[in-house]
1. Extending each Cα 7 Å along its Cβ direction at Ser80 and Leu137, get the distance between those two points in nm, one decimal.
2. Would you pull out the residues with amide H under 5 Å of Gly30's amide H, same chain only if 5 or more places away, H placed 1.01 Å from N?
3. log₁₀ I(q)/I(0) of the chain at q = 0.12, 0.13, 0.14, 0.16 Å⁻¹, via Debye over equal Cα point scatterers, no solvent, to two decimals?
4. Using the per-residue mean of other Cβ atoms lying within 10 Å as a proxy for protection, in what order, highest first, do the peptides 10-16, 97-103, 31-37 fall?
5. Skip the ligands, DNA and RNA, and give the accessible area per residue of the chain with a 1.4 Å probe, whole Å².
6. For region 2-61, evaluate the Debye formula with one uniform point scatterer on each Cα (no solvent term) and list log10 I(q)/I(0) at q = 0.19, 0.20, 0.26 Å⁻¹, rounded to two decimals.
7. Would you kindly derive the ³J(HN,Hα) couplings of region 40-56 from the backbone phi angles with the Karplus curve 6.51 cos²θ - 1.76 cosθ + 1.60 (θ = phi - 60°), listing them in order in whole Hz, with x for Gly and Pro?
8. Taking only DSSP H segments of four or more residues, each worth -39500 (n - 2.57), what value at 222 nm results for the chain once the sum is divided by all its residues, to the nearest 500 deg cm²/dmol?
Amino acid sequence: MKLREQLTALLTSLAGVWIMSYAWIVLKLGSIHVPDAGFLPFLCGAALAVLGVAWLLALHWTKRKEAPAEKRLWHRPLSSLLLMIAYGWAMETLGYISSTLVFVIAWQQIVEKEKWAKTLSIAVLSTLAMYALFVHLLKVPIPSEFFLR
């Protein structure tokens with residue numbers, strides 16, 4: 001059991017309690033039939049508080065060894081962040097379909113390190129699914145492709 005992980009779980013619970021109190025006092029909850037501005041933040045805070053306590057209990061009940069230093073690399077979170085920033089920039093430049101396809105391929109190869117066959121099938125299917133969801137079901141306007149402008 002690591003002290004840092006226990007502190008993080010405790011801070012997660014405390015943050016949830018703080019969000020709940022802020023939503024209750026400042027934003028006002030309303031009722032279940034007529035929710036006010038604090039209703040959803042209160043529920044999110046409650047979820048955080050419960051998850052933080054569950055995390056603390058799980059840490060208490062399980063005995064874990066310290067992971068080797070090689071396994072605690074920052075390259076995956078950093079590459080994930082950089083890919084998401086590049087995706088947001090590329091969407092306006094390249095268009096929705098092209099940037100989403102490139103993003104999913106890059107994610108599968110850089111972050112997840114999948115095989116190419118799986119990468120391409122995931123990229124094509126998820127891009128088509130997201131396009132259908134946003135354009136046809138939700139009727140959200142998306143950036144047009146750079147070669148169609």
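The values are calculated or read from the model by the stated rules, or taken from the named source; none is laboratory data. This is a predicted model, so every value here is computed, not measured. Don't worry about glycine lacking a Cβ; one is built from the backbone with ideal geometry, like all the others, and counts go over all protein chains shown. With ligands, DNA and RNA removed, areas are computed over all heavy atoms of the protein, side chains included. Shrake-Rupley method; radii C 1.70, N 1.55, O 1.52, S 1.80 Å.
1. 2.4 nm
2. It is Asp36, by chain and number.
3. The Cα Debye sum returns log10 ratios of -0.88, -0.96, -1.01, -1.03.
4. Answer by packing, highest mean first, reads 97-103, 10-16, 31-37.
5. Accessible area per residue, the chain: 74 Å².
6. Summing over Cα pairs of region 2-61 leads to -0.63, -0.67, -0.89.
7. 5, x, 4, 5, 5, x, 5, 4, 4, 4, 5, 5, x, 5, 4, 4, 4
8. Taking each H run of at least 4 residues, the total per residue is -20500 deg cm²/dmol.
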